[in-house]
Amino acid sequence: MAKKGARDLALDVLNRVEEHKSYSNLELRNVLDRSDISSVDAGLVTELVYGTIQRKLTLDFVLSQFVGGKKVQTWVRNLLLLSLYQIRYLDRIPERAAVHEAVEIAKRRGHQGIASMVNGVLRNALRQPDVWDRVPKGDKAKQIAVTHSHPEWLVRQWVKLYGEEETKAICEANNRAPHTSVRVNTLKISKAELAAKLQEEGMDAKPSALSDQGILLMNGGHAAGTRWFKEGYCTLQDESSMLVASAVAPEPGMRVLDACAAPGGKTTHLAEVMGNRGEIIANDVHPHKRELITSTAKRLGISIIEPVVGDALDLPDKGLGTFDRILLDAPCTGFGVIRRKPDLKWNKSPEDVRSIAQLQYQLLVSLSAMVAPGGTLVYSTCTIEPMENQDMVRRFVDKHPEFVLDATLRDDLPEAVRDKADESGAFVQILPHHFDSDGFFIARLRRIG
Ligand SMILES: C[S@@+](CC[C@H](N)C(=O)[O-])C[C@H]1O[C@@H](n2cnc3c(N)ncnc32)[C@H](O)[C@@H]1O
């Protein structure tokens, strides 16, 4: 059988995601692992898969103008969406090449009739470029949803919360590729030294405005393949996530609990800030993730982290004592990281927001019992849903008078971020377009001493 090309493989991934209702990153890895495609073509497969999923609603809208209510087999539909994606969003692929490849795939997988239909739809799309602009005017939320390919219920919710312009900016940011950023391991090297070393290797390394330990790699590059990564001089991490260590602000020698710690990005950051002195219990519910924490700590030369496996709801019963600092980096809907995981926006429902918020609240209550008097509880998520963020923390503080909102959080944040803190000074909500970083929420509470 002829070797499959990038578009054929991308189509396999899209079909499998739909058939198995699975995540695209897992299916992508499955398909790429079994192929002997070059790394450049693997990059194209990845771009085609994520791009088609990301722009799904817009592509569906355009396709519906040509196929209307006609029944189209799933693989043919995916082939058409994949090809429309190339035509609209990938400048480097000539339109004719996208159409030609689609027709050849349709012939191979189906028959001449399907190939003619695919050819007809795509040529019509090329002849009528205004199909992309025929989004019905009037209902602004619907217009934003279709134009920027986000679920309508989510856009309606954001419009209510943030207004139309900000919602549009959020959706646009969610459709942009994320920057690569690394966190310097200050146990081994300074930020300036590492930035200089990376520049010597041709990377366009710039200091992050969001974190004293952050470096942005403007021309991308495979940071995890560098010797600097392998030898533990840095960790791949988004800039917004780096803010959490500033909020926890642990000191050398302290006892710290990271209740939902895997894969260990923030735990290891806390250990670096503590100068690898003190004690960090790093808990996660999934046994298979323990190894991720252990291996990252080893790579970075960190020895103060003790990985623990278990439900964070049960931690108070384990006789662990109290902690100076507790971090609850909670499981969440992840609506702040849609640009990295485009499936998220299609797979989650309003019901998911409610049920995850319930779990988050229980976690907060449970862990609060382990904060030492005068100690700090930091709550963070990578979502932008108030029900999981501000509303939840306010509800908790209202019912737990032994905790107060810690207004000094704002002062501990880097200057660039301070005006994103709310009027209480204890919350910060980063939206994806603020700094082109992940959407992220952080709150700091203090137990009355
Ligand atoms: C947002 S991620 C944590 C990311 C991590 N803090 C980091 O920076 O690398 C949330 C984690 O919570 C874990 N988790 C989910 N439910 C949990 C529970 N009930 N108890 C403990 N961990 C849980 C998940 O396995 C996941 O690894």
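Here are the numbers for the structure shown:
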read-out: Among residues of region 190-221, those that are within 18 Å of the chain's Cα centre (by Cα) and at positive phi, counted; value: 1
read-out: Boolean, residue 274 is crowded, with 22+ Cβ neighbours inside 10 Å, among the hydrophobic types (A, V, I, L, M, F, W, C) and not assigned by TED's automatic domain parsing to the domain that holds residue 205; value: yes
read-out: Positions within region 67-82 being in contact (Cβ under 8 Å) with a residue 60 or more places away in the chain and more than 20 Å from residue 171 (Cβ to Cβ), in sequence order; value: 75, 78, 79, 82
read-out: Pick from region 308-325, criterion of a type outside the set (A, V, I, L, M) and within 12 Å of the ligand (Cβ to nearest atom), ranking: surrounded by the most Cβ atoms within 10 Å (Cβ to Cβ); value: 310
read-out: Among residues of region 16-70, those that are within 22 Å of residue 120 (Cα to Cα) and of a type in the set (S, T, N, Q), counted; value: 4
read-out: Residues of region 361-378 satisfying the condition of being within 16 Å of the ligand (Cβ to nearest atom) and in contact with a Phe, Trp or Tyr (Cβ under 8 Å, 6 or more places away or on another chain); value: 361, 364, 365, 368, 370, 377
read-out: Filter pass, residue 201 being in contact with a Ser or Thr (Cβ under 8 Å, 6 or more places away or on another chain), loosely packed, with under 14 Cβ neighbours inside 10 Å and either of a type in the set (D, E, K, R) or over 24 Å from residue 299 (Cα atoms) (or both); value: yes
read-out: Selected residue [assigned to a loop (DSSP other than H, G, I, E, B), over 21 Å from the mean Cα position of the chain (by Cα) and within 27 Å of residue 290 (Cβ to Cβ)] from 187, 257; value: 187
read-out: Some residue of region 327-337 being more than 26 Å from residue 26 (Cβ to Cβ) and in contact (Cβ under 8 Å) with a residue 12 or more places away in the chain; value: yes
read-out: Helices (runs of 4 or more DSSP H) completely within region 1-118 that count 3 or more residues being assigned by TED's automatic domain parsing to the domain that holds residue 152, in contact with a Lys or Arg (Cβ under 9 Å, 6 or more places away or on another chain) and surrounded by fewer than 20 Cβ atoms within 10 Å (Cβ to Cβ); value: none
read-out: Scan of region 222-248 for residues that are more than 16 Å from the ligand (Cβ to nearest atom) and either within 18 Å of the chain's Cα centre (by Cα) or closer than 25 Å to residue 334 by Cα (or both), ordered by number; value: 222, 223
read-out: Criterion (over 23 Å from residue 168 (Cα atoms) and modelled with pLDDT of 95 or more) met by exactly one of 420, 345, 399; value: 399
read-out: Any chance residue 417 is β-branched (Val, Ile, Thr), free of Cβ contacts under 8 Å to residues at least 60 places away in the same chain and assigned to a helix (DSSP H, G or I); value: no
read-out: Residues (in contact with a strand residue (DSSP E or B) (Cβ under 8 Å, 6 or more places away or on another chain) and more than 8 Å from the ligand (Cβ to nearest atom)) located in region 278-292; value: 278, 279, 280, 281, 282, 287, 290
read-out: Hits in region 87-118 (condition: under 36 Å from the mean Cα position of the chain (by Cα) and of a type outside the set (A, V, I, L, M, F, W, C)); value: 88, 89, 91, 92, 94, 95, 96, 100, 101, 104, 109
read-out: Region 249-277: number of residues that are away from the ligand (no atom under 15 Å from the Cβ) and of a type outside the set (S, T, N, Q); value: 9
read-out: Residues within region 348-360 that are crowded, with 18+ Cβ neighbours inside 10 Å and within 14 Å of the ligand (Cβ to nearest atom), tallied; value: 3
read-out: Any chance residue 330 is farther than 27 Å from residue 448 by Cα, modelled with pLDDT of 95 or more and within 12 Å of the ligand (Cβ to nearest atom); value: no
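The values are calculated or read from the model by the stated rules, or taken from the named source; none is laboratory data. None of the values given here were measured: they were computed from a predicted structure. Positions of Cβ are generated from backbone atoms using ideal geometry, with glycine treated the same way; all protein chains shown enter the neighbour counts.
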